[in-house]
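Presented below is the structure to which this report refers.
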């Protein structure tokens, strides 16, 4: 005869919390920051039709026109970061995969803004985001198999 456990839900909670334990503190801090960025991105997307000037900047992409291509890209990047935060914090199976995509995309955009955009705006700047994006990508790659196995 099979026994039915009344504590099965507690076992599931412990399994889910194992994924969160794979994340270092610095990533957990950025998760909460980018939750706010994601919410801001959604709000900006909703108010963009009604405004002509909002200062936006991410990864070296800067604009004050939310209706421009760069403005829309920055807003969508904010929403992507919010989605990544959701996936990691709530331990979704796809969380690490989309985090890796986010990191590669961020590194790519930072590299373009460092080496291509200076030819257009005549000013070079080192993107400090790279100091976080590269270790972030390495950490996500390192925990990917464990994350998916849990």
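Quick rundown of the values:
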quantity	calculated
Qualifying helices (runs of 4 or more DSSP H) (wholly inside the range 1-103; at least 3 residues being at pLDDT 95 or above)	25-47, 69-89
Selection from the range 74-87 of residues that are free of Cβ contacts under 8 Å to residues at least 24 places away in the same chain and closer than 17 Å to residue 51 by Cβ	74
Test: residue in the range 109-131 that is out of contact with any helix residue (DSSP H, G or I) (no Cβ under 8 Å at 6 or more places or on another chain), part of a helix (DSSP H, G or I), over 30 Å from residue 52 (Cα atoms) and free of Cβ contacts under 8 Å to residues at least 24 places away in the same chain	yes
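The values are calculated or read from the model by the stated rules, or taken from the named source; none is laboratory data. Keep in mind that what you see is a predicted model, and the values were worked out from it rather than measured. Backbone-built Cβ (ideal geometry, glycine too); neighbour counts: all protein chains shown.
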